[in-house]
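Step one of this worksheet: look at the structure below.
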Amino acid sequence: MKIRKLSAVAAVTAASVLALSACGSDDNGGSGEGSGSTSDNVFTIAYNADGGHQAWVDATANSIKNTLGINAEGKPYATFAELRTDVTERKMTGAFRTGWQADYPSLYNFLGPLYGTGAGSNDGEYSNPEFDDLLTQGQGAASVDEANGFFDQAQEILLADLPAIPLWYANVTGGSSEAVDNVAFGWNSVPLYYAVTKEDGTPVRANGTEPQNPLVPTNTNEVGGGRIIDALFQGLMSYDESGAPVNELAESVTSDDQQTWTIKIKGGTTFTNGEAVTAKSFVDAWNYGALLSNAQLSSYFFEGIEGYSAEADSPLTGLAVVDDTTFTVKLNQPEADFPLRLGYSAYLPLPSVAYADMAAFGEAPIGNGPYMMNGAWRHNEAVDLTVNPDYSGPRTPANTGVSFVFYDSFDSAYNDLLANNLDVFDGIPDSAFGTFQDDLGDRAVNQPAAIFQSFTIAQNLEHFEGEEGKLRRQAISMAIDREAITDTIFEGTRTPAADFTSPVIDGWSDTLAGVDALVYNPEKAKELWAQADEISQW
């Protein structure tokens, strides 16, 4: 069946938020390089213009400007790839749009990868030993509930330091064409592509973005590449629509002490080149992903395994192949939620041919999942997948394939959806928030998902270091009228944030100490900004 229509929302123009007060201007920000930086006494928020972000960035900048009396504006990049390049190369001169779409359903997944010292997605280079220690204690807890208590304490430190400014939780908004049925979206907002049926037998056309890197599981940490990786590979586990882990290649994952784990996999499965998937396929792939010299973005996922080093090349001594279908994992300390992580792409296996030339492999990956490559990766255009006839897991495709079409903007993708030229879409542009549910009827979707949105202010920017920086971050956060922006621009598709995670994750809380920093408070914001000026004039 098709997704049912959810409650409609009234159409309101973005202009009413862009003019949050009479004293503000409607600056749309600069373009390209040199549109402003903190050192020029301009507070900028960089964003990718191909993702439908301009309206909320402009509204947020105007809210900051009107409250604090400073010059604030958006800084557009043409594409997500261009934005990410400057972020990863540490070229940002102001704040920049960030967020997180959960890899696996755990509070830790929103905290460790983004804010742990040296973590692969810690784009602002935040470091706080007390925060790191609480994460470590949480990972070593005897139960998930006990772990969440430590993670809550860690979040309270984040609410004081504000390495990123939490904005809102995002619903997944999207829809489907008239040509497909059985369209559903998972707990993390990603469509369940394998479940979609299409009566005419042609591949399902889905929106995507050009992956940032070659398609290597341990070097892919963004949505465009991630959804392709997930379709091409089968790991130990996957997650169902609600986020519950489901065994894929894992027969069992067991431990007597939560520190040494025995993993048994199903025998008789192969990669699409005919090579057998064995315990060694996992051990070798994990070792490759963890090795410092390989510079993999997801290497931190292996930091809990004995032998991992972030300072020198070191094999994962905690991994041992027992036989073709069994391997063991020894962790540095007990970790109750270790099995929960095993559905993430960092833990996928690789065929032996990958190691001959990993860059070339990433251009034409050989996997073992529900789908396999159908022709070459057409850069900046599309990746076409066809069904893998040898796949026998829980995600058996109900269609003949999926074509991920890379769009320059959500508006053009939405127009294709309305014209039935796109079958599955998960990025309704802000220009259509007021109308898409009426436009699509029972083909529209608007449901909570594990998506957190923010902007990050790097720790080393002028005026944002030390005590001055903490005061300015808190002032900026309190200067943002999240309720007005989510109500007017997003029209019922966002909820103001009360922490750094997501309400769909077990253990979420909106009563953490310090949550007042996320509440619109113009007078307090001005007071904090003035205190920062006493340290160093803006």
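Just so it is clear, none of the values below were taken in a lab; they were calculated from the coordinates. Treat the numbers as computed from the prediction; the structure is a model and nothing was measured. No Cβ is skipped: glycine too gets one built from the backbone with ideal geometry, and neighbour counts run over all protein chains shown.
Taking the dipole about the Cα centre of the stretch 192-425, with the C-beta of Lys and Arg at +1 and of Asp and Glu at -1, give me whichever of Ala356, Thr220, Ser314 is farthest to the positive side.
Ala356
Tell me, Thr202, Thr495, Thr486 in order of fewest to most beta-carbon neighbours within 10 Å?
With the fewest neighbours first, Thr202, Thr495, Thr486 line up as Thr202, Thr495, Thr486.
Based on other C-beta atoms within 10 Å, arrange His379, His463, His53 from fewest to most. Mind dumping the intermediate values first?
Numbers: His379 11, His463 20, His53 23.
So the ranking, lowest neighbour count to highest, is His379, His463, His53.
Is it possible to state the helix-based mean residue ellipticity at 222 nm for the chain, with each DSSP H run of 4+ residues giving -39500 (n - 2.57), the sum divided by total residues, to the nearest 500 deg cm²/dmol? What is it?
The helix-only estimate for the chain comes to -8000 deg cm²/dmol at 222 nm.
Can you compute the charge dipole magnitude of the stretch 192-425 about its Cα centre, using +1 on each Lys and Arg Cβ and -1 on each Asp and Glu Cβ, nothing else charged? Give it in debye, rounded to the nearest 20. Walk me through the numbers on the way to the answer.
On the way: 10 positive and 30 negative charges, 60 e Å.
In total the dipole reaches around 280 debye.
I'd like to know how the stretch 162-212 sits against the 2.2 N^0.38 Å rule of thumb: what's its Cα Rg over that expected value?
It is 1.52.
Using only Cα atoms and rounding to the nearest 10 degrees, what angle (0 to 90) does helix 223-232 make with the longest principal axis of the chain?
Once rounded, the angle reads 10 degrees.
Counting just the Cα atoms, what span does the stretch 192-425 cover along each of its three principal axes? Round to the nearest Å and put the largest first.
55, 34, 32
How big is the dipole moment of the stretch 402-501 about its Cα centre under a simple scheme where the beta carbon of each Lys and Arg is +1, that of each Asp and Glu is -1, and everything else is neutral? Debye, nearest 20, please.
280
Among all lysine pairs in the stretch 197-342 that are eight or more places apart or on different chains, how many have alpha carbons less than 27 angstrom apart?
Lysine pairs, 8 or more places apart or on different chains, close enough: 5.
When N counts the residues of the stretch 68-130, how does its alpha-carbon radius of gyration compare numerically with 2.2 N^0.38 Å, as a ratio?
Taking the Cα Rg and dividing by 2.2 N^0.38 Å, one obtains 1.31.
Charges only on Cβ, +1 for Lys and Arg, -1 for Asp and Glu: so what's the dipole of the chain about the Cα centre, in debye to the nearest 20?
Working: 27 positive and 74 negative charges, 155 e Å.
It works out to roughly 740 debye.
What's the exposure ranking of Asp416, Asp439, going from fewest to most Cβ atoms within 10 Å?
So the residues, fewest neighbours to most, are Asp439, Asp416.
Using the Cα centre of the chain as origin and beta-carbon charges of +1 (Lys, Arg) and -1 (Asp, Glu), tell me which of Val42, Gly274, Ile505 is placed farthest towards the positive end of the dipole.
So the residue we want is Gly274.
When averaged across all projection directions, what area in nm² does the alpha-carbon convex hull of the stretch 118-174 cover?
5.4
Across every pair of different alpha-carbon atoms, what Kirkwood hydrodynamic radius in Å does the chain reach?
The answer is 24.0 Å.
Calculate how steeply helix 279-290 sits against the longest principal axis of the alpha-carbon atoms of the chain, using the helix alpha-carbon long axis, and give the answer as 0 to 90 degrees to the nearest 10.
Tilt relative to the chain: about 30 degrees.
Share of Cα-Cα pairs in the stretch 343-432 beyond 15 Å, in percent? Kindly include the intermediate steps, with their values, before the conclusion.
Details: 2773 of 4005 pairs.
Across the stretch 343-432, Cα pairs with separations above 15 Å total 69 percent.
Using Cα positions and a limit of under 26 Å, work out the lysines in reach of Lys91, with same-chain residues fewer than 8 apart set aside.
List returned: Lys65, Lys75, Lys470.
Cα axis of helix 144-161 to longest principal axis of the chain: angle in degrees, 0 to 90, nearest 10?
Taking Cα atoms only, the helix is inclined about 30 degrees.
If we count every other residue with Cβ under 12 angstrom of Met373's Cβ, Lys/Arg +1 and Asp/Glu -1, where does the sum land?
Here the count lands on -1.
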